[in-house]
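The values are calculated or read from the model by the stated rules, or taken from the named source; none is laboratory data. Model, not experiment: these values are computed from the prediction. Quick reminder, even Gly has a Cβ in these numbers, built from the backbone with ideal geometry, and neighbours come from all protein chains shown. Note: accessible area is taken over every heavy atom of the protein model, side chains too, but ligands, DNA and RNA are not part of it. Shrake-Rupley method; radii C 1.70, N 1.55, O 1.52, S 1.80 Å.
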Amino acid sequence: MSIETSESDSERPVREISLTVNGETVSAEVEPRLKLSDFLRNYRDLRSVRVGCEHGVCGACTVSMDDAVVKSCLVYAVQADGSDLLTVEGLADDGELGPVQQAFHEEHALQCGFCTSGFVMATRSLLKETDHPTDEAIQAGLADNICRCTGYQNIYDAVHRAAEYTQEDED
Ligand code: FES
Ligand code: FES
């Protein structure tokens, strides 16, 4: 599959990539300059991947790549060849929200919602490293994500609740 926007595009070099996205094996022909964020949004229609600053500052485009959080605006799609990617769309199980999603929902940890996917993915990663993070650890762990609505307290409350749910899931 490839997306072409003009006749001259067909003369540009493309590379075949194959990767796993939310558990599904995906192959595509992409231009080497295509960003992973644009690949996920425009080729896979994964609209949770938000594009804000496009230079690694806001964290809205955060996804998991081989179980590490990455800012997908800083990664080319060709660099994700062979990797295992996860976005917010892949966190729900049979229509049931995952523990971090559920916690954000219950704590009303969003206002406009633009930043939320990135915070959810960053929280998931933080809780893999620290079972019950302190407020300071949460602030440090989520420092790469910016909420321009500035509703941070509810986000921090959601992380604490997500920590409880994640522990219950594992018990
Ligand atoms: S859009 Fe990627 S960090 Fe802002
Ligand atoms: S909820 Fe609006 S930017 Fe975070």
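In the range 89-160, what trypsin sites (Lys or Arg not before Pro) fall in a loop by DSSP, with at most 13 other Cβ atoms inside 10 Å? Within the range 89-160, the qualifying trypsin sites (Lys or Arg not before Pro) (loop, at most 13 other Cβ atoms within 10 Å) are ARG148.
What number do you get for the range 92-151 when its Cα radius of gyration is normalised by 2.2 N^0.38 Å, N = residues? Could the numbers behind the result be given before it?
Working: Rg = 11.6 Å, N = 60, 2.2 N^0.38 = 10.4 Å.
Taking N as the residue count of the range 92-151, the ratio is 1.11.
Here the average projected area of the convex hull drawn through the C-alpha atoms of the range 49-88 stands at 2.6 nm².
Per-peptide packing, taken as the mean over residues of other Cβ atoms within 10 Å, places 81-90, 21-30, 154-163 in the sequence 154-163, 81-90, 21-30 from highest down. Residue by residue, the range 17-25 carries 3J(HN,Hα) couplings of 10, 9, 8, 10, 10, 6, x, 10, 6 Hz when phi is fed to the Karplus relation 6.51 cos²θ - 1.76 cosθ + 1.60 (θ = phi - 60°); x denotes Gly or Pro. For the chain, which whole percent of the accessible surface, found with a 1.4 angstrom probe, sits on carbon and sulfur atoms? Exposed carbon and sulfur together represent 44 percent of the surface. Gyration tensor analysis over the Cα atoms of the range 35-117 returns equivalent ellipsoid semi-axes of 22, 15, 11 Å (largest first, whole Å). Size descriptors for the chain, from the alpha-carbon set: Rg then Dmax equal 16.8, 56 Å.
A crude spin-label estimate for the pair GLU24 and THR134, with each label 7 Å from Cα along the Cβ direction, gives 4.4 nm.
A Förster distance of 45 Å, applied to the separation of the beta-carbon atoms of HIS108 and GLN79, puts the FRET efficiency at 0.80.
Annotation: per residue accessible area for the range 39-165 equals 48 Å², rounded to a whole number [probe 1.4 Å, protein chains only].
3J(HN,Hα) along the range 147-154, derived from phi through the Karplus expression 6.51 cos²θ - 1.76 cosθ + 1.60 where θ = phi - 60°, amounts to 10, 6, 7, 6, x, 5, 4, 5 Hz, with x in place of Gly and Pro.
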